[in-house]
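Taking it in order: structure first as structure tokens, then the write-up.
Read-outs: derived from the displayed coordinates by stated rules, not from any lab. Computed from a predicted structure; not experimentally measured. Ideal geometry is used to build each Cβ from the backbone, glycine not excepted, and the neighbour counts take in all protein chains shown.
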Protein chains: 2
Amino acid sequence: MQSAIDELEAKGKAAKAASRKLAHLPTEVKNKALINIAESLVAREGEILDANRLDCEGAKASGMGEAMLDRLMLNPSRLQAMAQDVRTVASLSDPVGEILDTRLLPNGLRIERRRVPLGVIGAIYESRPNVTVDISSLCLKSGNAVILRGGKEALHSNSALARVIKDATGEAGVPSGAVQFIESTERALVSYMLKMRENIDLIIPRGGEELVRFVTENATMPVLASGVGICHTYVDRTADLEKAVAIAFNAKVQRPTVCNALDCLLVHREVAERYLPTIAREWAQAGVEMRCDERALGILSSNFKVASASEGDWGKEFLALIAAIKVVDSLDEALEHIERYGSGHSEAIITEDYTAAMRFLEEVDAACVYVNASTRFTDGGQFGLGAEVGISTQKFHARGPMGLKELTTYKWVIMGSGQVRP
Amino acid sequence: MQSAIDELEAKGKAAKAASRKLAHLPTEVKNKALINIAESLVAREGEILDANRLDCEGAKASGMGEAMLDRLMLNPSRLQAMAQDVRTVASLSDPVGEILDTRLLPNGLRIERRRVPLGVIGAIYESRPNVTVDISSLCLKSGNAVILRGGKEALHSNSALARVIKDATGEAGVPSGAVQFIESTERALVSYMLKMRENIDLIIPRGGEELVRFVTENATMPVLASGVGICHTYVDRTADLEKAVAIAFNAKVQRPTVCNALDCLLVHREVAERYLPTIAREWAQAGVEMRCDERALGILSSNFKVASASEGDWGKEFLALIAAIKVVDSLDEALEHIERYGSGHSEAIITEDYTAAMRFLEEVDAACVYVNASTRFTDGGQFGLGAEVGISTQKFHARGPMGLKELTTYKWVIMGSGQVRP
């Protein structure tokens, strides 16, 4: 264990040293390195897939479920998709060096805020090996060094990918130490890593709720966490019901396994009898199971997959073709429900009432608030940010979809001609 | 102890509830409340000073030193200065509701980022009672509720000030619960408070290094910390020596007890013989003690208050009329010294060499980097931010002088007309 800690400490120091150089690396070099990574992922397919096979065999032997196995498994087309994502990062504009604002003070001092990398980013993640490539490329483009700690079950795959990245970036002239991969699977290393405030400027946990909570509660440096999405869509008294059907259908069905999918439908009582049977019919055809409060249950025929909602169904992230449904008496009741059960991710109102729309946008405390659109749009790509680091439900530093800029900070640059403070 | 925890929990809930209303409170109401506070500080002077007398007597009895006693003590002119600071906050523009950016997507979705308060801010601070008023007014203006935990030695003063604030804000129509003060002095409450992630969105520690470290290491929510300032001024080979004398003099002498004052002077060897005697003469007249490396000691006559620097003098925040002096061979050596010993606060180069200036600005990793100006300018007021929450040496969320905006976050607002994700 001590040797693993020593090694981790050494990696921390090396990453810090590399980060000093990375901060001033020309965009061209970074892009060249990214293109090299993309090309190597395809060129070194055999080596990567061999390593992945070892992981998959180990996982099968240890009884890993189908869904998890699928997340772990790589194949040529998945490698090509990963390569394509890296090319996308290369094509984005470099955030480093951007001038955020500038002013000339009356005493002649010129002050500007200049965007700079954070320094060293620690990433702790679970089974999907593509995260190794994903985080590395985002960190590289934003001028940060990175220390990667992947899941035990993907160790061979991640090691192979890390080797490919190291070679590809080294060839392009990226300082060695820029991308560090932790080979040891000692669990205690994670706790140790979370105390390395001197050499790690930011921790990004990517994985289940438990991992994110552990990291958030134990890290001594800042954490950039993607959170749970418990998303509501509220169909107001004045909603255009045709739009409301299309939007709720899209929000639930288009991709039910992701954080911005609809979990709970709230419907104003005045439109419930007209609206609910229509959306229920559409949802039923798509295989959606509906967990209803008493009033909704009274409206919906038992032809559909309906059931009585239990208390645990409110505020639950289903990540599946399941929706909770509740009839409310007013916008206020909807707002209260969202405040109580929402996770601050994405919340929508469907309404034609101007004041209701404005109140919803103003009063709902969430990363993304919508009027008359599907919560499925909460996504860095959809919002025009290019690549996405994740979707933050925290309020500090970054909220909602996080792009490259969220991996940076700024420095104040002051240019004078001899000024002193009176 | 349990009753104190229950009370703290109740304060947390009340603050959270108040924060929902505060977020939409009109600027006029907030300004009215601030003016009320300013007026009450003067009108209720007797009550406040009586309470402060109790604290001062207690502190004297317990053997508190003169400097600390002075920080604790209030008098009519200090109350007036506090009132003036509150009026300044009232005069600043309201950050809440500002649109940070907006775009129209090809599918017709209109997306904007709107500035909103963080929610509930917890403040943990030491002896100066003015912090109670200071933080309360900044939180109020930025639409945040606040939970205050002051030092034991200032309990009576802080309680009296909190009462004044509560009354003054209540009269103006600010929701009760917006400003909460913890009366219990149980030390364990601080640890408990640092775990109240559900109801506290941000912790601000204001005090000595030990307090800041304890909070940073134990808080489960984000921390906005003001850090230690170990500030260097490097006089380059091509410096205009007249400017270099004026700037180093100002940076050390104008107010030596603050974080942006000069701690260490680095001088290029080619100008050391001409420069050092001049600045030393000026500094000596102002009573500055100089702790020199061997080469500087060789240059400076023993007429001045000079001594040999020990290893501990490099990277030390003196907060007094003491400066460390080192002669360096090159810009690179200066950069290395700053990287090794600086605290990432404020660093300056004095030079007429364009490339040296650009390299310094680019390569020094600090909140504020200067060319040809005194580091004493690192200050929210001097930078034109209005009131200052503190000066951050962290990189996340806020760096350098922090104004009202740094007490806010943003939400994504998406306005559609029925859009669904393809």
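Across identical copies of the chain, A:P277 has label-point separations of 10.2 nm, listed in ascending order, with the point defined 7 angstrom from Cα along Cα→Cβ.
What is the stretch B:231-377 by shape, rounded, prolate or oblate, if you read a ≥ b ≥ c off the alpha carbon gyration tensor as root eigenvalues and call it rounded for a/c under 1.5, prolate for a/b larger than b/c, and oblate otherwise? Rounded shape, in that the Cα axes give a/c under 1.5. Among the helices of chain A, those built from whole DSSP H runs whose Cα atoms reach 20 Å or more along their own axis and whose mean Kyte-Doolittle hydropathy is at least 0.0 are A:27-43. When only alpha carbons are used to place a centre, the stretch A:18-56 and the stretch B:70-100 end up 52 Å from one another. With the label put 7 angstrom out from Cα along the Cα-to-Cβ vector, B:S93 ends up 2.3 nm from the copy partners, going from closest to farthest. Using the Cα gyration tensor of chain B, with a ≥ b ≥ c the square roots of its eigenvalues, what is the shape: rounded (a/c below 1.5), prolate (a/b larger than b/c) or oblate (neither)? Oblate, since a/c reaches 1.5 and b/c is not below a/b.
The GNM of chain A, with springs linking C-alpha atoms under 10 angstrom apart, assigns the highest mean-square fluctuation among A:A90, A:A348, A:A188 to A:A188. For the stretch A:96-113, 3J(HN,Hα) computed residue by residue from phi via the Karplus equation (6.51, -1.76, 1.60; θ = phi - 60°) reads 6, x, 4, 8, 6, 6, 8, 8, 10, 7, x, 7, x, 5, 9, 10, 9, 10 Hz, glycine and proline entered as x. Take the alpha carbon atoms of the stretch B:168-218, find their center, do the same for the stretch A:378-422, and report the distance between the two centers in whole angstrom. Centre-to-centre distance over Cα atoms comes out at 27 Å.
Counting every other Cβ atom within 10 Å of each residue's Cβ, A:V174, B:V212 order from fewest to most as B:V212, A:V174. Placing a label point 7 Å from the Cα of B:M1 along the Cα-to-Cβ direction, the distances to the matching points in the other copies come to 2.8 nm, shortest first. Relative to its Kirkwood radius, the Cα radius of gyration of the stretch B:187-230 gives an Rg/Rh of 0.97.
Pairs of alpha carbons in the protein assembly as shown separated by more than 55 Å make up 15% of all such pairs. Among residues of chain A, the one whose beta-carbon sits closest to the A-to-B rotation axis is listed with its distance in Å as A:H397, 2.
In this label model, B:E9 and A:K152 are separated by 3.6 nm, measuring between points 7 Å along each Cα→Cβ vector. Separation of the alpha carbons by more than 21 angstrom is noted, of A:K405/B:K141; A:K21/A:K141; A:K141/A:K195; A:K252/A:K316; A:K195/B:K411; A:K326/B:K21, for A:K405/B:K141; A:K141/A:K195; A:K195/B:K411; A:K326/B:K21. Note on B:T278 and A:N75: the model spin-label points, each 7 Å out from Cα along the C-beta direction, lie 7.5 nm apart. Annotation: the residues A:D332, B:D236, sorted from fewest to most other C-beta atoms within 10 Å of their own C-beta, follow the order A:D332, B:D236.
Between amide H atoms placed 1.01 Å from N, distances below 5 Å from B:L262 occur with B:K252, all of them 5 or more places distant or on a separate chain.
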